[in-house]
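The values are calculated or read from the model by the stated rules, or taken from the named source; none is laboratory data. Predicted model only: the values in this text are computed from it and were never measured. In this analysis, Cβ positions are derived from the backbone assuming ideal geometry, glycine residues included, and neighbour counts consider all displayed protein chains.
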């Protein structure tokens with residue numbers, strides 16, 4: 001296995017890491033399940049020293065991390081991302097995709113999420129001063145994420 005690709009049949013957690021607020025939680029749950037974590041980012045940052053955790057630093061090109069993750073994703077991947085368009089790409093290949101809040105992106109829900117994203121982008125573009133984003137990350141979000149990741153790894157590990 002090289003640093004740039006992963007074994008297609010292996011269970012792994014792929015992390016869209018640049019703005020991920022739950023990296024420590026991912027490490028903790030994945031290590032408990034003995035599942036590899038691949039942390040993908042545009043810039044290097046510290047990760048725990050463990051053979052099951054590795055970092056992939058991509059160039060700073062537009063969507064470079066998303067492209068790498070999408071290319072490596074299989075139906076045995078758990079992808080952690082808040083990026084709806086990346087989530088859509090990964091859901092299409094059968095991956096389990098979780099937002100950092102624990103919300104799953106599924107084949108049934110991703111179309112609505114993409115449509116809402118497009119609508120909000122149009123609204124922001126058409127109204128001066130209209131800004132927005134997700135609500136502040138909460139302890140409840142962190143707890144929901146921990147439960148969702150654990151459940152996904154148990155299900156895929158069977």
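Brief remarks follow.
- Failed condition for residue 150, given (1) touching a strand residue (DSSP E or B) at 6+ places or on another chain (Cβ under 9 Å); (2) at pLDDT 95 or above: (1)
- Within this structure, residue 78 passes the test of being under 11 Å from the mean Cα position of the chain (by Cα), under 25 Å from residue 143 (Cα atoms) and not in a loop (DSSP other than H, G, I, E, B).
- Filter pass, residue 24 being under 23 Å from residue 139 (Cα atoms) and surrounded by fewer than 20 Cβ atoms within 10 Å (Cβ to Cβ): yes
- Within segment 48-72, tally of residues that are in contact with a strand residue (DSSP E or B) (Cβ under 6 Å, 6 or more places away or on another chain) and part of a loop (DSSP other than H, G, I, E, B): 1
- Enumeration of residues in segment 87-103 that are outside any loop (DSSP other than H, G, I, E, B) and out of contact with any strand residue (DSSP E or B) (no Cβ under 6 Å at 6 or more places or on another chain): 88, 89, 92
- Residue 112 passes every criterion in (1) surrounded by fewer than 17 Cβ atoms within 10 Å (Cβ to Cβ); (2) modelled with pLDDT under 95; (3) under 24 Å from residue 139 (Cα atoms) apart from (3).
- Filtered by the rule that a residue be within 8 Å of the chain's Cα centre (by Cα) and modelled with pLDDT of 95 or more, segment 87-98 gives 97, 98.
- Residue count, segment 31-74 (criterion: loosely packed, with under 13 Cβ neighbours inside 10 Å and over 16 Å from residue 149 (Cβ atoms)): 12
- Which numbered condition residue 27 misses (of (1) at pLDDT 95 or above; (2) in contact with a helix residue (DSSP H, G or I) (Cβ under 6 Å, 6 or more places away or on another chain)): (2)
- Scanning segment 15-34 for residues that are within 16 Å of residue 98 (Cβ to Cβ), in contact with a strand residue (DSSP E or B) (Cβ under 6 Å, 6 or more places away or on another chain) and assigned to a loop (DSSP other than H, G, I, E, B) gives a single hit, 17.
- Test: residue 15 is at pLDDT 95 or above, buried (at least 16 other Cβ atoms within 10 Å of the Cβ) and under 10 Å from the mean Cα position of the chain (by Cα): yes
- When each of 123, 130 is tested for being at pLDDT below 95, over 19 Å from residue 37 (Cα atoms), loosely packed, with under 12 Cβ neighbours inside 10 Å and touching a helix residue (DSSP H, G or I) at 6+ places or on another chain (Cβ under 9 Å), the lone residue that passes is 130.
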